[in-house]
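Please read the structure below before turning to the comments.
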Amino acid sequence: MSALSRPEFHSEEAAFSHLEWLIWGDAPVCPHCGGLDRITKVKANPEKRIRVGLWRCGDCKKQFTVKVGTVLEHMRLPLHKALQAVYLVTSSKKGISAHQLHRTLEITYKSAWFLLHRIREAMRSDDVTPFGSNGGVVEVDETFIGRKKGLPKKRAFHHKMKVLALVDRESGKARTMVIDDVKAETLMPLVIENVEREARVMTDEHSGYRDAGKWFAAHGTTSHGKGEYVNLEDRSIHSNTVEGYFSIFKRGMKGVYQHCGEGHLHRYLAEFEFRYNNREKLGFNDADRAVTALKGIIGKRLTYETAPQAA
Ligand SMILES: [Zn+2]
C-alpha cells in the first residue's frame, strides 16, 4: 500500500465519488437551479458516450457533474489523474513542476501546466480576517523576485516583481500579495486592511512603514542595514519569521519554477501560502492538505489568456 494506492487515484468512478463526498456530502445539489430533491444518477455508458459522474436534475431537467462551477469544470483530463496531481502538489514541500507532473502522470506538458494552475487557484485562500487580534504580533516585509517583462536588468530592484507578506506570529499563518511598488501609499493601505488596530507590527527600517506606529498599538523595527536582526532590549522585536517565509518561497521558486511571469505570480504565491498555512507544525498532514485543496475548487473559475511558453 502507498498513499497513492487509494481507489480515487485509479478509478474514475471512485474519483467522482470522492469529490462528490467532499463537496456535497450525501446530498448532491444541482448547480443549474439549486435543486436538491429530484436528483438522480445517470448510469455511465461508454457506448452511448455517457460519462462517469453524471447526474440529472428532475426540476430543471439538466445534467451536471460535481465539476460544474469549480476550477476543474472544463478540464478534459480524467479526474483520477487530477486527484493524483492535487496529492503530489500538496504533499511535496516545494511543489512540483509542470515537467515533472507531465512525466509522472503521463499527460502532455500543456495539460500539466493548466492543471497546476487550476490546483493553485483551488489553493488560493479567500480568508480576509485581519491578523494580530488581541494585541498579537504581525510581521510585515516585502521582497523582490524575478524580472518584469520588458524591463532591462538593473542593479536596484525596479525591474523586479514585488511581493508583500504578513505573518501572524500567534497563529503561524502567512498572507502574501503581489504589489506594484514599495511606496508607503501602496504598502500602508494593505497593512491597515489586513492587520487589527490592537496588533503590534514588526518591520525592518524601510521608510514605507514609517507611519505604522500611528495605526497600530505598537510598531517595532530592526535596522537590517546596520546588521540588526533582533532588538536586544526587547527580543520580540524582529521580523525573522516573515524573512524565513520569503526564504522558503525563494528557494522553491528557484528550484522548481524557473520562469514565472508577473501575470502568474499571484498563483505561485497562493501555492506557497497554502502549503505554509497548512503545514505539519500547525497540525496538518498530507491527506488533510489534499482535502482542503479539493474543497477549495468550489466557486472559483479560471480563464486563461496565456498558454504555456515552453514545451
Ligand atoms: Zn436543476
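Values in this text are rule-based calculations from the coordinates and carry no lab data. These numbers were taken from a predicted model, which means no experiment stands behind them. Counting neighbours? That spans all protein chains shown, and the Cβs are built from the backbone with ideal geometry, glycine included.
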Q.
Considering all alpha-carbon pairs of segment 55-173, what whole percent are spaced by more than 22 angstrom?
A. 60
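Hey, with R₀ at 41 Å, roughly what FRET efficiency would K62 and T129 work out to, going by the Cβ-Cβ distance, to 0.05? Kindly include the intermediate steps, with their values, before the conclusion.
Values: r = 36 Å, r/R0 = 0.89.
The computed FRET efficiency comes out at 0.65.
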Q: For K173, go through the aspartates and glutamates and keep the ones whose alpha-carbon is under 13 Å away, minus same-chain ones fewer than eight residues off.
A: D127, E139, E273, E280
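Hey, could you grab the Kirkwood Rh for segment 3-123? Inverse mean 1/r over distinct alpha carbon pairs, Å, one decimal.
Values: mean 1/r = 0.0651 Å⁻¹.
Radius from the Kirkwood sum: 15.4 Å.
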Q: Just the isolated ones, please: cysteines in the chain lacking another cysteine beta carbon under 4.7 angstrom.
A: C260
Q: Mind putting a number on the dipole of the chain about its Cα centre? Charges go on the C-beta only, +1 for Lys and Arg and -1 for Asp and Glu, and I need it in Debye to the nearest 20.
A: 1420
Q: With a cut-off of 19 Å, note down the residues of segment 197-211 whose backbone N falls inside the zone around a label point 7 Å from the Cα of S236 toward its beta carbon.
A: 197-204
Q) Where nothing but the Cβ of Lys and Arg (+1) and of Asp and Glu (-1) is charged, how large is the charge dipole of segment 133-283 around its Cα centre, in debye to the nearest 20? A) 860
Q | Where a label projected 7 Å from the Cα of E12 along Cα→Cβ would reach, residues of segment 103-123 with amide N under 17 Å | A | 106-108
Q: Treating only the Cβ atoms of Lys and Arg (+1) and Asp and Glu (-1) as charged, compute the dipole magnitude of segment 26-122 about its Cα centre; round to the nearest 20 debye.
A: 260
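For Cα pairs less than 8 Å apart in space and 6+ apart in sequence, what is the mean separation divided by the residue count of the chain, i.e. the relative contact order in percent?
Details: 477 pairs, mean separation 62.6, N = 311.
For the chain, the relative contact order is 20 percent.
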Q.
If I fit a long axis through the Cα atoms of helix 286-295 and take the longest principal axis of the Cα atoms of the chain, what angle between them do I get, 0 to 90°, rounded to 10?
A. 70
Q.
I'd like the Karplus ³J(HN,Hα) series for segment 138-147: coefficients 6.51, -1.76, 1.60, θ = phi - 60°, whole numbers in Hz, and an x wherever there's a Gly or Pro.
A. 10, 8, 10, 7, 10, 9, 10, 8, x, 8
Q: List every residue whose amide H lies under 5 Å from the amide H of G220, counting only residues 5 or more places away in sequence or on a different chain, with H placed 1.01 Å from N in the peptide plane.
A: V201, M202, T203
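Can you tally the net charge around W113? Count Lys and Arg as +1, Asp and Glu as -1, for every other residue whose Cβ sits under 12 Å from the Cβ of W113. Display every interim value, and only then the final one.
Details: positive: K110, R118, R120, R267; negative: none.
Combined, the nearby Lys, Arg, Asp and Glu give +4.
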Q. Any idea how far apart R51 and R251 come out in nm if each label point goes 7 Å out from Cα toward Cβ?
A. 4.0
**Q.** Over the chain, volume per residue of the alpha carbon convex hull, in Å³
**A.** 173
(Q) Per residue of segment 222-234, what does 6.51 cos²θ - 1.76 cosθ + 1.60 with θ = phi - 60° give for ³J(HN,Hα)? Whole Hz please, x for Gly and Pro, Karplus curve as stated. (A) 10, 9, 4, x, 9, x, 9, 10, 8, 6, 6, 7, 10
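Using 0.36 nm per residue of separation minus the Cα-Cα distance, give me the extension gain between K110 and I179 in nm, one decimal.
Working: separation 69, 0.36 × 69 = 24.84 nm, distance 2.85 nm.
Difference between extended and current length: 22.0 nm.
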Q. Order of K214, K62 from fewest to most other C-beta atoms within 10 Å?
A. K214, K62
Q) Among W215, V71, A199, whose Cα sits farthest toward the positive end of the charge dipole of the chain (+1 at Cβ of Lys/Arg, -1 at Cβ of Asp/Glu, about the Cα centre)? A) V71
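How much of the DSSP beta bridge set in the chain is antiparallel, as a percent to the nearest 5?
Working: 22 of 31 bridges.
Around 70 percent antiparallel, to the nearest 5.
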